Amino acid sequence: MTALLLLLTTVALTAAVPGPRVLLRARWPEREPVVALWVWQCLVGAVLLSCLAALVLGAAAVFDTVRIHAFAPAPPAVTAAYDLAAAPPGTAVLTLLLACGAAWTGAMLARELVEARRRARLRRAHLRERVPELPAGLAEVDGPSGDPADARGPLLVLEDEYPDAWLIPGAAPRLVVTTGALRRLDEQQVDAVLAHELGHARAHHDWLLHLSTALATGFPRVPLFAHFADQTHRLVELAADDTASRRCGHRTAALALIELNRHRGVLSCAGTRRLLGDRVQRLLEPPPRLDRARRTATTTAAALIPLLPLLIAFSPALALL
C-alpha cells in the first residue's frame, strides 16, 4: 500500500512539475499544435488520475465503508494483495487533502461552466438587440429558439464600423462578422476567417479552454495547470490557423489576420499582440510539419502517460493473474 501511494505521488509530481518544463522547451509544438494539445491533455490526465487513484486507495484504507464498496466485486485474494491494513500513518491526512482537492476541482469546473453559460446568454441577448427583426412573412424560418439570429445560417453580418469576427459555439456554430470587417476583407479572406472559427468549433476548443481555465484558477501555483491554460490559449489559435491555411492558403489566412487586427497593432510586441504577430509570422513562413512516424510516436507515447497511474493502481490485482 505504501509503495502504491509513493508511486502515484511520484507520477503526479513528475507530470506536474518537470513535465511542463520539458514541453515548454521543445520546439516541435509550434509545428504540430494539435499533437501538442494532446500531450498537454495527457499530462493533466496523468495528474488527475494519479490523485483520484490515491484518493480511492487512501479512502479504502481509512474507511471500512469505502473498502467494502470499492472491493466488493473482487475476490478476497485481491483485497489481501493491496494490504490496506498496512497503510502508512499519514494516509488519513493525505486522503483528506485529496478529497478537498477533488471537491475544489469540481467546484472550479462547475463555476467555469456556469460563468460560460452566463456569458453566452449575455452575448446572445446583446446580439438579439442588434439583429433586425425579420418580416412577419419570414417568421417560419426562425430557429427553434425563436431568436431571429438563428435564421441567418452559419454566417451572421452585423452593421458595425468596428472590424471584428467571432464564433457563437453550440450545436450549430455561427460566425458573426461586422460590416467593418467585410469592408477590409475580400471574399477569400472571409472564407479564411470562417474556416478558422469553424476549426475552433469542430475541435470543441471552447471546452478545452474551460477546463484549462478552471484548473489554472483553482490551482494557480501548480506549474502544469498554469502552463496548460497559457499554452491552450496559444495552441488552439495555431491549430485553427492551420485549418484556415489548409483551406484558403497561408498567405490568405495571414492577410485576413492582419486586416482584421490592424487597428490593434498586430505586429507589436505587447501581450496578445505579440501572439498575433507570431501567428502572422508563422503563416507567412510556415514551419515544416513532423513526419507521420514522429507524429504517431508522440501521440502514442503521450497516450501511455495517463495509463501509468491506472497500471500502478491495478498492479496488485494484475500480479495475481
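The values are calculated or read from the model by the stated rules, or taken from the named source; none is laboratory data. The model shown is predicted, which means the values in this text are computed figures rather than measured ones. Glycine gets a Cβ as well: all are built from the backbone with ideal geometry, and neighbour counts include every protein chain shown. Surface areas here come from the heavy atoms of the whole protein model, side chains and all, with no ligands, DNA or RNA. Shrake-Rupley method; radii C 1.70, N 1.55, O 1.52, S 1.80 Å.
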Mind checking which helices (runs of 4 or more DSSP H) fall wholly inside the range 1-68 and carry at least 3 residues that are over 28 Å from ARG282 (Cα atoms) and either free of Cβ contacts under 8 Å to residues at least 12 places away in the same chain or of a type in the set (Phe, Trp, Tyr) (or both)? 2-16
If I ask for residues that are closer than 30 Å to LEU98 by Cα and outside any helix (DSSP H, G or I), which ones from the range 204-261 would you list? HIS204, PHE219, PRO220, ARG221, VAL222
Single condition ALA72 does not satisfy, out of (1) of a type in the set (Gly, Ala, Ser); (2) part of a helix (DSSP H, G or I); (3) open to solvent by 60 Å² or more (accessible area, probe 1.4 Å): (2)
Every residue from the range 166-195 that is assigned to a helix (DSSP H, G or I) and among the basic types (Lys, Arg): ARG183, ARG184
So GLY265 ticks every box in (1) of a type outside the set (Ser, Thr, Tyr); (2) surrounded by 15 or more Cβ atoms within 10 Å (Cβ to Cβ); (3) modelled with pLDDT under 85 but one. Which box is left unticked? (2)
Just one listed residue, out of ARG289, ARG279, ARG251, ARG274, is under 25 Å from PRO163 (Cβ atoms), among the basic types (Lys, Arg) and in contact (Cβ under 8 Å) with a residue 40 or more places away in the chain, and it is ARG279
Kindly evaluate THR105 against the criterion of being at pLDDT 90 or above, open to solvent by less than 50 Å² (accessible area, probe 1.4 Å) and either touching a Pro at 6+ places or on another chain (Cβ under 8 Å) or more than 16 Å from THR217 (Cα to Cα) (or both). no
With the requirement that a residue be crowded, with 22+ Cβ neighbours inside 10 Å and free of Cβ contacts under 8 Å to residues at least 24 places away in the same chain, what does the range 176-190 give you? VAL177
Failed item in (1) at pLDDT below 90; (2) touching a helix residue (DSSP H, G or I) at 6+ places or on another chain (Cβ under 9 Å), with ALA54 passing the rest: (1)
What do you reckon, is LEU311 outside any helix (DSSP H, G or I) and either open to solvent by 50 Å² or more (accessible area, probe 1.4 Å) or modelled with pLDDT of 95 or more (or both)? no
Restricting the search to the range 75-85, which residues are open to solvent by 60 Å² or more (accessible area, probe 1.4 Å) and either without any contact (Cβ under 8 Å) to a residue 24 or more places away in the chain or not hydrophobic (A, V, I, L, M, F, W, C) (or both)? PRO75, PRO76, ALA80, ASP83
Selection count, the range 191-217, where residues are in contact (Cβ under 8 Å) with a residue 60 or more places away in the chain, surrounded by fewer than 22 Cβ atoms within 10 Å (Cβ to Cβ) and touching a Leu at 6+ places or on another chain (Cβ under 8 Å): 3
Name the single residue, out of those in the range 1-40 being of a type in the set (Val, Ile, Thr), open to solvent by 20 Å² or more (accessible area, probe 1.4 Å) and within 24 Å of ASP278 (Cβ to Cβ), that is nearest to the chain's Cα centre (by Cα). VAL34
